[in-house]
Each structure stands twice: as structure tokens, then as C-alpha cells.
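Student: One structure follows; several queries about it will come next.
The numbers here are math on the coordinates, done by the rules we state, and not lab data. Worth saying up front: this structure is predicted, and the values here are computed from it rather than measured. Positions of Cβ are backbone-derived with ideal geometry, glycine not excepted, and every protein chain shown enters the neighbour counts.
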Amino acid sequence: MHDTPLALHLAWLKPLLIGAGVLLGTITTLALWFALAQPVKVMPRVRTMPAFLLTDQDGRPVGDAELRGRMVLLGFSYTRCGAGCAELNRRLQDVRAGLATAGLLGSQIAFATISLDPAHDTPDVLRAYAAQTGADLTSWAFLTGAPEEIKGLAGGELGIYYEKPAADGSMIHDQEVLLIDEKGILRARYTPKDLTMDRLNRDLGLLGQERNSSGVMRQVYEVSHLFLCYPD
């Protein structure tokens, strides 16, 4: 007795259904495992840095491309920010010293600060400020530009709130430092309270582990991004 066309069709379809069921079960198991166990932690890929072109303390053009190739701690401030920025400046100096001690400063990570008061902070003013604060310009760039450029980049694209300077030169502004990876992707935002060597060491360690992964582990890291396995 010959099989009917329907029986033949079902016989052909059965292995596919079994295979699909096994695949779905595997995916579901992996999803639950990642959701509950979170075996690998990753730093979030917040966004790619927008294109920009600013000017540094020496009058040289510096764009987003120049910041790639090594990680960057990108801050936002202004030279007339005195006591209001004291805590942020102290934290920056502390982590800079820690990175230098670890042999990471310059070779793997650099600093950049964008002025939120570009009308006042010309390249000459920025250079004098760098000298006053003892900043090493081989690993720290101070950037300025046209007010509308700064507003579009800092205030628009990166969400840094700031107001126009008051008559005495003071300014209300967000105090944040961004961690940009070597590919130009924003990976973390720090307030002055968050910016410690312990926190930075943890985050740089996670980035290094992901960067150095290969083969199956590379896929594990991608799945960890999919399931938002971020550090607390």
C-alpha cells in the first residue's frame, strides 16, 4: 500500500518540526541561563560618538577620528569653573595618577575636556589653564569651538545640560565624564562621585576581556549584550 501525498508531506515535515523544536528549546534554555546567571558581564554600547571637529589648546583641529585608537575619558567643563568643579577636578587628577601608575596613561587611555564656555575659552586661554593645572598635553587635550558646535555636540548629541555663563563667569552645568572606547563607542558615564580608580579598573577590565575574546567567547559576549548583562 502506497503512502498518500499527505502522509509523504507529513513524513518530510516531521524532522523539520523536531529540529525547530530542539532549536527553540536550546534558545529558550540559553535565554533563561543568561537572564538568571548572567555568566559574562559587559559594558553597554551606549552609542557611537557623533562626528565633530573642534580646536585644541594649540589651535589644531581635533575631530572624532583623532580620539579613536585608544580609550578616552571625555569631560565637560570651563576654565572659570572654580570651587564648583573642585571635586570633579580632584577626581580627574586622582584617576589620571592611577592610570599613570598602572602604565595605561597615554598608551591605552587619554583625557579630553570640551569647554562649555567656548566664547571665553579660546585656545590661548585653554593652554594657559592646562599649564596652571599641570596637565600633560601629551595625554590630555582641551577642546573648544564655535558655541553652536559645542551646543550641538555636548548639549544635543551627548545630553550634557548647561546654561549660559552668568555675569561673574559662573555656569550651571552637568558634571559628567564619558568613557569612550578605542572604536569611538560611548561605554560609560561617570559623575564625580562615580569616578574612582576602583570603578574605572572594573570597567576597563571588562572592556579588555571583551576586546581580547575570540571564537565561541566572542559570541558569548555578543549574547551578553543582547541580554543586557551589565555590571551593577
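Student: Identify all residues within segment 184-221 that are assigned to a strand (DSSP E or B) and farther than 22 Å from Ser77 by Cα; write none if there are none. Can you show your working first?
Tutor: Our first condition is that a residue be assigned to a strand (DSSP E or B); within segment 184-221, this holds for 185-190.
Selection gives nothing.
Student: So, of the residues in segment 173-183 that are part of a loop (DSSP other than H, G, I, E, B) and under 14 Å from the mean Cα position of the chain (by Cα), which turns out to be nearest to Glu87 (Cα to Cα)? Let's see the steps before the verdict.
Tutor: The initial filter retains those residues of segment 173-183 that are part of a loop (DSSP other than H, G, I, E, B), namely 174-176, 181-183.
Checking which are under 14 Å from the mean Cα position of the chain (by Cα) leaves us with 176, 181-183.
Numbers: Glu176: 12, Asp181: 24, Glu182: 27, Lys183: 29 Å.
For segment 173-183, the residue satisfying everything is Glu176.
Student: Failed condition for Pro165, given (1) crowded, with 16+ Cβ neighbours inside 10 Å; (2) touching a His at 6+ places or on another chain (Cβ under 9 Å); (3) within 30 Å of Tyr230 (Cα to Cα), with all others met?
Tutor: (3)
Student: Is it the case that segment 113-127 has a residue that's under 20 Å from Arg68 (Cβ atoms), touching a residue at least 40 places away in the same chain (Cβ under 8 Å) and surrounded by fewer than 16 Cβ atoms within 10 Å (Cβ to Cβ)?
Tutor: Filtering segment 113-127 for residues under 20 Å from Arg68 (Cβ atoms) gives 113-114.
Applying the additional criterion that residues be touching a residue at least 40 places away in the same chain (Cβ under 8 Å) yields 114.
Right, trim to surrounded by fewer than 16 Cβ atoms within 10 Å (Cβ to Cβ) and you get none.
No, there is no match, as no residue in segment 113-127 is under 20 Å from Arg68 (Cβ atoms), touching a residue at least 40 places away in the same chain (Cβ under 8 Å) and surrounded by fewer than 16 Cβ atoms within 10 Å (Cβ to Cβ).
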